[in-house]
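First the structure, in the form of structure tokens, and then the observations on it.
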Amino acid sequence: VVCGDRVNVGVFFWVRSAAFVLASAVAWGLQRLSPHAGSTGSLGVNLPLFAVGAAATAAICGSCALAVAAWAETEAIGLLHHLRLASGLETLFVVAFLDLLSYAWHRANHSWSLLWRFHQVHHSDGEFTVSTGVRFHPGELLLSVPVRLAGIIAVGATPVQVLVFESLFAIANLVEHGDIDLPPALERAAGRVLVLPAHHRRHHSRDGDDLKRNFGTIFIVWDRMLATFRASASYDRVDVGLPGEVECRTLSDALRLPLRALPGLRQ
Ligand SMILES: [Zn+2]
Ligand SMILES: [Zn+2]
């Protein structure tokens, strides 16, 4: 599959797709096995929006993360070329670096009004289920592409490391949006390091103050370190959705939502 540190576009696509399918299966399975609120999900909006977003990103940047990583590797650009880390540690460093960048980008989405117009579509889901994890306006997805590419170049990630990061990110994203209750002991232990559904459910609260908490995707440590952490457990009930009454019942409603400036922006 992998020859040296080279991955071809086909392998990159299939491994990333397999990780996504696996992540969806695990998240849906946990949701059925141990439901939190028993929500069925806003599939009528989330799935078409996912299809539009996937088509838009595939058309504009199908494998540009791979191309950029291969280029940075050939040119020996990026932070990793100046650090002498063991290869396992290098991968962990890349995952942590790109996850921290994603934290910063998510926080910016709650701070800058233009970004919030797009990101509010993600928060406009009145239910919190695995499918919420693919509810993103194509505008938000496309705006995030240059940020991710800049991060890959800055850290000097190889194509394999990008693949590992993107697979872990997909798993974390889908599982933490799940309507899932975890056993308290597991939640306490894993929740010291990882973002769990209860943390991210809190981020989706209608309460404006909770919107400024728990921005992480893989590691919760960034929120803990940067004072945006709010503890949350499976037994906490959270009223999810945007502050105020927002009707977003169709794909077209969701696509047009950025035209409306809604409350919820982080002050
Ligand atoms: Zn958010
Ligand atoms: Zn979310």
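Worth a mention:
- Residue in segment 230-237 that is more than 27 Å from R148 (Cα to Cα), outside any loop (DSSP other than H, G, I, E, B), open to solvent by less than 60 Å² (accessible area, probe 1.4 Å) and of a type in the set (S, T, Y) present: no
- Some residue of segment 98-105 being within 28 Å of H200 (Cα to Cα), assigned to a helix (DSSP H, G or I), over 14 Å from the mean Cα position of the chain (by Cα) and more than 16 Å from ligand 2 (Cβ to nearest atom): no
- Residue within segment 101-109 that is in contact with a His (Cβ under 7 Å, 6 or more places away or on another chain) and over 30 Å from T74 (Cα atoms) present: yes
- Unique match (being open to solvent by less than 20 Å² (accessible area, probe 1.4 Å), more than 14 Å from R107 (Cβ to Cβ) and within 14 Å of ligand 2 (Cβ to nearest atom)) among G191, G241: G241
- Residue in segment 106-129 that is within 16 Å of ligand 2 (Cβ to nearest atom), surrounded by fewer than 19 Cβ atoms within 10 Å (Cβ to Cβ) and hydrophobic (A, V, I, L, M, F, W, C) present: yes
- Which listed residue, of R206, R213, is at pLDDT 95 or above, open to solvent by 20 Å² or more (accessible area, probe 1.4 Å) and either within 13 Å of ligand 2 (Cβ to nearest atom) or closer than 18 Å to D179 by Cα (or both): R213
- Residue within segment 44-64 that is farther than 20 Å from I152 by Cβ and assigned to a loop (DSSP other than H, G, I, E, B) present: no
The values are calculated or read from the model by the stated rules, or taken from the named source; none is laboratory data. Here the structure is a predicted model, which is why all the values come from computation and not from measurement. FYI the Cβ positions are ideal-geometry reconstructions off the backbone, even for glycines, and counts take in every protein chain you see. Each accessible area value is taken on the protein alone, full model and side chains, heavy atoms only, with ligands, DNA and RNA left out. Shrake-Rupley method; radii C 1.70, N 1.55, O 1.52, S 1.80 Å.
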